[in-house]
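A.B. asks: Here you go, one structure.
The values are calculated or read from the model by the stated rules, or taken from the named source; none is laboratory data. Just so it is clear, the model here is predicted, and its values are computed rather than measured. All Cβ positions, even for glycine, are placed from backbone atoms using ideal geometry, and neighbour counts span all protein chains on display. Just the protein is used for accessible areas: all its heavy atoms, side chains included, with ligands, DNA and RNA removed. Shrake-Rupley method; radii C 1.70, N 1.55, O 1.52, S 1.80 Å.
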Amino acid sequence: NQTCLEIGSMNENIAALKEAIRLKESPMRVAHMRLNTRSYRPNIELVRDPVQYGLVEEVAQITDSIEALGSKLNESNAKLRNLESNKKALEEDIAVKTNSLNIDQSQCLRLR
């Protein structure tokens, strides 16, 4: 039961991480679009100014954030697979023990 609760919690965590990554895509597109628009400015305006540096820094920060979220997502997926593997092993163990009890009750108790 505890494993099932942990699996549910991990699924919620994974969904939240996917949503957080999705929400970062829009600001990234906007920052890239602004940088791209600035690259088509006339010659005299093709200068690196504080705004240009700010946009480049913004893209770098968003990229770092997306990478960190992706890393956490990968870790969460690995933990989920581990939990599901543990759950399967526990279910198999319970099935074996249940079968053993049934055999013990149906065949061995008659002999006692």
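A.B. asks: Kindly provide the set of residues from the range 78-112 that are within 15 Å of Thr3 (Cα to Cα) and polar (S, T, N, Q), ordered by number.
C.D. replies: Scanning the range 78-112 gives Asn82, Ser85, Asn86.
A.B. asks: Another question, then. Might you check whether a residue that is in a helix (DSSP H, G or I), at pLDDT below 95 and of a type in the set (Gly, Ala, Ser) occurs anywhere in the range 6-25?
C.D. replies: There is no residue in the range 6-25 that is in a helix (DSSP H, G or I), at pLDDT below 95 and of a type in the set (Gly, Ala, Ser).
A.B. asks: How many of the residues in the range 20-60 are open to solvent by 80 Å² or more (accessible area, probe 1.4 Å) and under 26 Å from Leu80 (Cα atoms)?
C.D. replies: 3
A.B. asks: Working only within the range 40-60, note down all residues that are assigned to a helix (DSSP H, G or I), acidic (Asp, Glu) and either touching a Gly at 6+ places or on another chain (Cβ under 6 Å) or more than 30 Å from Ala16 (Cβ to Cβ) (or both). Outline the logic, then answer.
C.D. replies: From the range 40-60, those assigned to a helix (DSSP H, G or I) are 43-45, 50-60; that's our starting set.
Checking the rest, the ones that are also acidic (Asp, Glu) come to 45, 57-58.
The answer is Glu45, and nothing else.
A.B. asks: Go over the candidates Thr98, Thr63 one by one and state the one that is under 20 Å from Lys18 (Cβ atoms) and either hydroxyl-bearing (Ser, Thr, Tyr) or surrounded by 10 or more Cβ atoms within 10 Å (Cβ to Cβ) (or both). Before the answer, list the steps.
C.D. replies: Values: Thr98 fails: under 20 Å from Lys18 (Cβ atoms).
That would be Thr63, the only listed residue that is under 20 Å from Lys18 (Cβ atoms) and either hydroxyl-bearing (Ser, Thr, Tyr) or surrounded by 10 or more Cβ atoms within 10 Å (Cβ to Cβ) (or both).
A.B. asks: Is there a residue being outside any helix (DSSP H, G or I) and open to solvent by 90 Å² or more (accessible area, probe 1.4 Å) anywhere in the range 102-112?
C.D. replies: Step one: filter the range 102-112 for residues outside any helix (DSSP H, G or I), giving 112.
Cutting the leftovers down to open to solvent by 90 Å² or more (accessible area, probe 1.4 Å) gives us 112.
Yes, the range 102-112 contains at least one residue that is outside any helix (DSSP H, G or I) and open to solvent by 90 Å² or more (accessible area, probe 1.4 Å).
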